[in-house]
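Right, one structure below, let's go through it.
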Amino acid sequence: MLIYVLEDEESIRELEMYALEKNGFEVQGFENSQSFYKTIEKRAPDLILLDIMLPGEDGLTVLKKIRSDAAFAKIPVIIISAKTTEFDRVKGLDLGADDYMCKPFGVMELVSRVKARLRTIYDGYSSELSFSGITISDKTRTVTVDQIPLELTYKEYELLKMFMENPQIVLQRDHILDRIWGHDSTGRTLDVHIRMLRSKLGKYGKCITTVRGVGYKLDKDK
């Protein structure tokens, strides 16, 4: 599931992102509302972590805009703020926040609150993807091939999940690298992981096809 973190303090933003990524979430961070708005128009997240004291447009204004837009109104929002008075908490909740955490916060509590909110909002959602004989369950982070469990590394799992979320769509190399590895990666890193993933998938490895000069795609016809 995808979580957006809108937080201008880099150290706090990175801490939140690291904790969530370690718990299997896909996370993207933003330091201001401008970059946040540009991205949410392209892809809506499953949950938003929102700071109040941001440069330029503050978090409460961002919250109002989210709740006034039908496309995003139902996305759960958790405010994480240094504003700790009862008045501040009530104001944030009254404006539409689903939860309110005060800084400093415990990382384990943050992850627990995120999971609890997602269970409440998305209880019963289907997190299982299937392609040919491959099945991936994002709830349990397990993969089976012809109903036989398959052991994958964290990056291999994320790579396979990305392909299965976008079957028969050509995924550009730079896009894959940015989403799975961030900026700390090279083309060789991707090639090695593709080769290992193909090998582990056995007869289905050939479904991951190379589109020369562009990237890769998951194709049933191959």
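Assorted remarks:
- Listed conditions (1) over 22 Å from the mean Cα position of the chain (by Cα); (2) part of a loop (DSSP other than H, G, I, E, B) are all met by residue 64, apart from (2).
- Residue in region 67-85 that is under 16 Å from the mean Cα position of the chain (by Cα), within 30 Å of residue 201 (Cβ to Cβ) and surrounded by 11 or more Cβ atoms within 10 Å (Cβ to Cβ) present: no
- Restricting region 11-45 to residues that are hydroxyl-bearing (Ser, Thr, Tyr) and within 13 Å of the chain's Cα centre (by Cα), the residue that is farthest from residue 62 (Cα to Cα) is 18.
- Residue within region 4-22 that is touching a Leu at 6+ places or on another chain (Cβ under 8 Å), farther than 19 Å from residue 98 by Cβ and either of a type in the set (Ser, Thr, Tyr) or surrounded by 14 or more Cβ atoms within 10 Å (Cβ to Cβ) (or both) present: yes
- Complete set of residues in region 137-152 that are at pLDDT below 90 and either more than 19 Å from residue 201 (Cβ to Cβ) or assigned to a loop (DSSP other than H, G, I, E, B) (or both): 138, 139, 140, 141
- Residue match in region 160-173 (condition: in the same structural domain as residue 139 (by TED's automatic domain parsing), in a helix (DSSP H, G or I) and more than 21 Å from residue 3 (Cα to Cα)): yes
- Count - residues of region 101-124 that are buried (at least 16 other Cβ atoms within 10 Å of the Cβ) and either among the acidic types (Asp, Glu) or closer than 18 Å to residue 65 by Cα (or both): 0
- Flag for residue 176 being modelled with pLDDT under 85 and among the hydrophobic types (A, V, I, L, M, F, W, C): no
- Of the candidates 178, 146, 138, the single residue that is in contact with a helix residue (DSSP H, G or I) (Cβ under 9 Å, 6 or more places away or on another chain), exposed (fewer than 15 other Cβ atoms within 10 Å of the Cβ) and not assigned by TED's automatic domain parsing to the domain that holds residue 46 is 146.
The values are calculated or read from the model by the stated rules, or taken from the named source; none is laboratory data. Here the structure is a predicted model, which means the values were calculated and not measured. Backbone-built Cβ (ideal geometry, glycine too); neighbour counts: all protein chains shown.
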